[in-house]
Structure formats: C-alpha cells, structure tokens
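Chemist: I have a structure here, written as structure tokens, and I will follow up with some questions on it.
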Amino acid sequence: MKHQLRFWVLISVFGLFTVSCNTGKKMLQMGNYYEAVMKSVDKLRSSPNNDKARETLADAYPFAVSTLLDKIDSEKASMSDFQYTQMVYIYEDLNAMYESIQHAPAAKAVVSNPKKYYSQLARMKPKAAEEQYLSGMDQLDMGSRENAKQAYFYFKEANKFVPNYKDVPSRIEESYNLAILKVLANLRPVQSRVYDLSAELFYDEVDKVLRRIEQNEFIRFFSPQQAQNRKMSSPDQFLVINFEDFEVGETHTKERIEKLEKDSVKLSTITLDDGKKRDVFGKVKAELTVNRIEVVSNGLINLTITHGGFDKRILLNEDFGGQYVWFNEWGNFNGDERALTNQQLAICKARQIAPIPPQQMFVEFTKPIHDQLKSKLVQFYDGY
C-alpha cells in the first residue's frame with residue numbers, strides 16, 4: 001500500500017510539472033502569442049534549461065510582435081473613439097514582453113534583440129489622454145449621476161496616461177462629487193415614556209453595515225451633524241431608522257408538575273447461592289415541580305428611505321418586528337432522583353432570580369432585527 005501511494009504521488013507531481021511546462025505551448029497553439037511569450041519567459045526564469053520553454057519562446061515572440069503591430073495598424077484605420085487608448089495598451093504589451101525578456105538571461109539567449117516601443121508609447125499617451133478627457137467632458141455635460149460616474153473613470157484614465165493633464169485633477173474631484181450617492185442617515189433614539197433606553201449598541205452594528213456598503217466608492221452616508229457641517233442642502237436620499245414601539249410585558253409565574261418514571265435502573269446488587277453477584281434492575285419514580293417566571297418584550301423598528309428630490313417619493317418602507325422572551329426556571333422533586341434527567345436536576349438546583357433590566361431586554365430584542373435590517377440595506381444599495 002505504501003509503495004502504491006508513493007507511486008500515485010509521483011504521478012501527480014509529474015502531471016502538474018507537465019501541465020506547467022506545456023501551458024506556454026498550449027497558448028501558442030491557441031494563437032495567444034503574447035501569453036505564450038510571457039509564460040515561457042516566466043518558466044525560463046525558474047528553469048533556464050527548459051527546452052520546451054525555449055522552443056515556445058522562439059516560436060511565439062515573432063508572432064506576438066507581428067500580431068500586436070497588426071492591431072495597431074487596425075486601430076489607426078478604424079478611427080474609433082478610443083483608438084489611441086487601445087494603441088497605448090498594445091504598446092504597453094509590446095514593452096512588457098521586452099522588459100520580461102531583458103530581465104531573464106535564459107530568455108535573452110533565445111531572443112537576443114527584443115524590440116522596444118517606448119518612444120511610440122510616449123507619443124500615443126497625450127493623444128489617449130485627450131480622447132479620455134473629451135469623453136469625460138461629454139459625460140459631464142449629460143448631467144446625471146451615472147454620467148458623472150462614467151466621467152470620473154474617463155478622467156482617471158486620462159490622468160494615468162498623462163499625470164495632471166489639463167485640469168484633470170479638478171475634473172476628477174468634480175465628477176466624483178457628482179457621482180456620489182449622498183445619503184443622510186438619521187438613526188433616531190428610542191422614545192419611551194416608561195423606560196430609559198439606549199439604542200447605542202444597535203446603532204453601532206448598523207453603522208458597521210453602512211461602512212460596509214461604503215466599500216462602493218460612490219455611496220456615502222452622513223449623519224445629520226455631518227451634513228450640517230458640510231452645509232449639505234440637498235442629499236440624494238434620506239434614510240431613517242426609528243423605533244416605533246417597545247414594551248416589556250407583565251411578569252408571569254407558572255407552575256407545572258410532572259410525574260417521572262425511568263425503567264431499567266440499577267436498584268441493587270445481590271449475591272447468589274453460588275457466590276456470584278448480580279445487578280437488580282427496576283423502575284424508579286419521582287414527582288417534579290417546575291416554577292417558571294417569564295417576561296416577554298416586544299417591539300417594532302421602521303426603516304424608511306426616501307428620494308431627496310422635489311417629489312420626496314418613498315423608495316423603501318419596511319417594519320421589522322421582534323420579540324424577546326426572558327425566563328427563569330427553578331424547582332424541586334420528591335422521589336428517586338435517578339428518574340430525573342441532568343437538565344431536570346439542574347432546574348432543581350437553580351434558584352429564583354429577578355428579571356433582567358429593561359435595557360438588557362431591549363438589547364436582546366434588537367439582535368435578530370439587526371440581521372434582517374442588514375440584509376435589507378445591503379440588498380437595497382447593491383448596484384448603486
């Protein structure tokens with residue numbers, strides 16, 4: 001068995017090595033010449049004497065250069081909106097092959113004179129920046145948030161091609177501010193005439209959800225104070241979470257009595273006439289009295305999201321109800337304790353305790369609601 005296991009391990013390792021060696025060759029056969037070059041060079045870095053990688057590189061590199069230069073000619077003839085941008089990407093691929101080969105002595109032994117296109121790339125970048133810039137300005141003129149978002153990406157790309165091109169830094173900031181969905185989040189405190197309650201722990205969890213949603217760089221939540229500090233006159237949305245109701249019910253005490261029996265319980269051990277010992281099994285009984293004190297708390301939380309425009313239309317309005325039952329059980333029994341389960345014995349050892357304070361009940365009541373609210377908020381803002 002040990003020899004068989006070693007055999008299959010060796011076969012698996014050899015298989016992985018073969019796949020790794022043949023990846024560049026497969027890329028070449030599929031016509032992915034650029035990938036074939038990059039993978040074969042990478043292989044030669046770790047295995048300079050790999051004949052298959054040498055062969056693949058020698059065959060793939062001329063095809064890769066020729067294919068990419070043909071694409072540049074096609075872009076020149078197409079007169080497309082982003083022809084210079086596409087040409088920049090192609091020249092970057094050509095230079096990436098050059099740099100990769102230059103930094104791999106074994107690859108340079110195969111391709112002794114790789115071609116570089118830095119001067120051509122430098123001439124294309126300002127033209128590519130200009131077409132990205134003009135597209136960004138066109139999107140800004142259209143006026144919507146989605147257009148501003150697209151403009152932001154165009155300006156970022158222009159700035160990547162030529163840092164600080166024209167007024168691109170200020171245009172990036174302008175388009176980003178227009179693209180952000182600004183949500184005024186009003187997390188209202190608990191209003192209760194009976195209890196002094198704090199929703200701080202609950203809102204801490206809500207805040208974590210909002211921060212998670214903000215991983216989308218185009219959504220930002222602001223508290224009323226933050227909105228006031230920023231002099232935000234017209235948010236895109238208003239989000240309000242309000243505790244509509246919370247009450248702690250009356251305390252109820254109940255008593256129940258259970259008749260318990262258990263069969264096949266060892267009762268004793270007897271000695272037979274021949275001196276052997278034998279266990280005697282039988283039935284045991286007990287009467288269990290369980291006292292239960294119970295307090296039920298109920299509440300309702302409302303989530304409303306409205307549009308910040310003139311119509312103030314409601315985008316989402318949903319109630320989340322919840323209940324938390326606090327209880328305590330204690331008891332006693334008469335009879336044979338072997339008739340009781342471990343849980344029943346624990347109840348008999350317990351003592352009556354007072355109910356937890358309303359604030360703690362409130363915290364427990366909100367825990368399952370938080371999960372519901374989280375799912376609803378994440379779902380609502382998905383895609384914004």
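Chemist: Out of everything in region 136-152 that is in contact with a helix residue (DSSP H, G or I) (Cβ under 6 Å, 6 or more places away or on another chain), closer than 9 Å to Arg171 by Cβ and hydrophobic (A, V, I, L, M, F, W, C), what residue ends up being surrounded by the fewest Cβ atoms within 10 Å (Cβ to Cβ)?
Modeler: Step by step, filter region 136-152, then rank; the result is Leu140.
Chemist: Looking at (1) part of a helix (DSSP H, G or I); (2) under 30 Å from Val37 (Cβ atoms); (3) open to solvent by 30 Å² or more (accessible area, probe 1.4 Å), which one does Ser112 not meet, given that it meets all the others?
Modeler: The failed condition is (1).
Chemist: Hey, Lys231 hits all of (1) of a type in the set (Lys, Arg); (2) under 23 Å from the mean Cα position of the chain (by Cα); (3) surrounded by fewer than 17 Cβ atoms within 10 Å (Cβ to Cβ) but one; which does it fall short on?
Modeler: Going through (1) of a type in the set (Lys, Arg); (2) under 23 Å from the mean Cα position of the chain (by Cα); (3) surrounded by fewer than 17 Cβ atoms within 10 Å (Cβ to Cβ) one by one, Lys231 breaks only (2).
Chemist: Which is outside any loop (DSSP other than H, G, I, E, B), surrounded by 14 or more Cβ atoms within 10 Å (Cβ to Cβ) and over 27 Å from the mean Cα position of the chain (by Cα), of Phe221, Phe202, Phe155?
Modeler: Result of the check over Phe221, Phe202, Phe155: Phe155.
Chemist: Between Leu373, Leu377, Leu345, which is touching a residue at least 40 places away in the same chain (Cβ under 8 Å), out of contact with any helix residue (DSSP H, G or I) (no Cβ under 6 Å at 6 or more places or on another chain) and open to solvent by less than 40 Å² (accessible area, probe 1.4 Å)?
Modeler: Leu373
Chemist: Across region 158-192, what is the number of residues that are assigned to a helix (DSSP H, G or I) and either buried (at least 19 other Cβ atoms within 10 Å of the Cβ) or of a type in the set (Gly, Ala, Ser) (or both)?
Modeler: 9
Chemist: Answer yes if at least one residue in region 45-52 is without any contact (Cβ under 8 Å) to a residue 40 or more places away in the chain, assigned to a helix (DSSP H, G or I) and open to solvent by less than 70 Å² (accessible area, probe 1.4 Å), and no otherwise.
Modeler: Checked region 45-52: no residue is without any contact (Cβ under 8 Å) to a residue 40 or more places away in the chain, assigned to a helix (DSSP H, G or I) and open to solvent by less than 70 Å² (accessible area, probe 1.4 Å).
Chemist: Same structure, new question: Can you give me the number of residues within region 348-370 that are open to solvent by less than 70 Å² (accessible area, probe 1.4 Å) and touching a helix residue (DSSP H, G or I) at 6+ places or on another chain (Cβ under 9 Å)?
Modeler: Residues that pass the stated criteria total 8.
Chemist: For region 236-257, does any single residue satisfy the condition of being exposed (fewer than 11 other Cβ atoms within 10 Å of the Cβ) and not in a strand (DSSP E or B)?
Modeler: No, the conditions are met nowhere in region 236-257.
Chemist: Condition first: exposed (fewer than 11 other Cβ atoms within 10 Å of the Cβ), at pLDDT below 90 and in a helix (DSSP H, G or I). Can you find one or more residues in region 19-26 that meet it?
Modeler: Within region 19-26, one or more residues are exposed (fewer than 11 other Cβ atoms within 10 Å of the Cβ), at pLDDT below 90 and in a helix (DSSP H, G or I).
Chemist: Another question, then. Is it true that some residue in region 309-323 is within 43 Å of the chain's Cα centre (by Cα) and assigned to a helix (DSSP H, G or I)?
Modeler: no
Chemist: Is it the case that some residue within region 302-315 is open to solvent by 70 Å² or more (accessible area, probe 1.4 Å), of a type in the set (Phe, Trp, Tyr) and out of contact with any strand residue (DSSP E or B) (no Cβ under 8 Å at 6 or more places or on another chain)?
Modeler: Among the residues of region 302-315, at least one is open to solvent by 70 Å² or more (accessible area, probe 1.4 Å), of a type in the set (Phe, Trp, Tyr) and out of contact with any strand residue (DSSP E or B) (no Cβ under 8 Å at 6 or more places or on another chain), which makes the answer yes.
Chemist: Is one or more of the residues making up region 116-132 farther than 30 Å from Ser40 by Cβ, of a type outside the set (Lys, Arg) and either free of Cβ contacts under 8 Å to residues at least 40 places away in the same chain or assigned to a loop (DSSP other than H, G, I, E, B) (or both)?
Modeler: Scanning region 116-132 turns up at least one residue that is farther than 30 Å from Ser40 by Cβ, of a type outside the set (Lys, Arg) and either free of Cβ contacts under 8 Å to residues at least 40 places away in the same chain or assigned to a loop (DSSP other than H, G, I, E, B) (or both).
Chemist: Within region 63-91, count every residue that is under 19 Å from Tyr154 (Cα atoms), of a type in the set (Phe, Trp, Tyr) and part of a helix (DSSP H, G or I).
Modeler: Residues in region 63-91 being under 19 Å from Tyr154 (Cα atoms), of a type in the set (Phe, Trp, Tyr) and part of a helix (DSSP H, G or I): 2 in total.
Chemist: Taking the criterion of being assigned to a helix (DSSP H, G or I), modelled with pLDDT of 90 or more and either among the aromatic types (Phe, Trp, Tyr) or out of contact with any helix residue (DSSP H, G or I) (no Cβ under 8 Å at 6 or more places or on another chain) (or both), would at least one residue in region 94-104 satisfy it?
Modeler: Yes, region 94-104 contains a residue that is assigned to a helix (DSSP H, G or I), modelled with pLDDT of 90 or more and either among the aromatic types (Phe, Trp, Tyr) or out of contact with any helix residue (DSSP H, G or I) (no Cβ under 8 Å at 6 or more places or on another chain) (or both).
The values are calculated or read from the model by the stated rules, or taken from the named source; none is laboratory data. Note that the structure is predicted; figures quoted are calculated from it, not measured. Cβ: placed from backbone, ideal geometry, glycine included. Neighbour counts: every protein chain shown. Please note that ligands, DNA and RNA were not included when accessible areas were found on the heavy atoms of the full protein model with its side chains. Shrake-Rupley method; radii C 1.70, N 1.55, O 1.52, S 1.80 Å.
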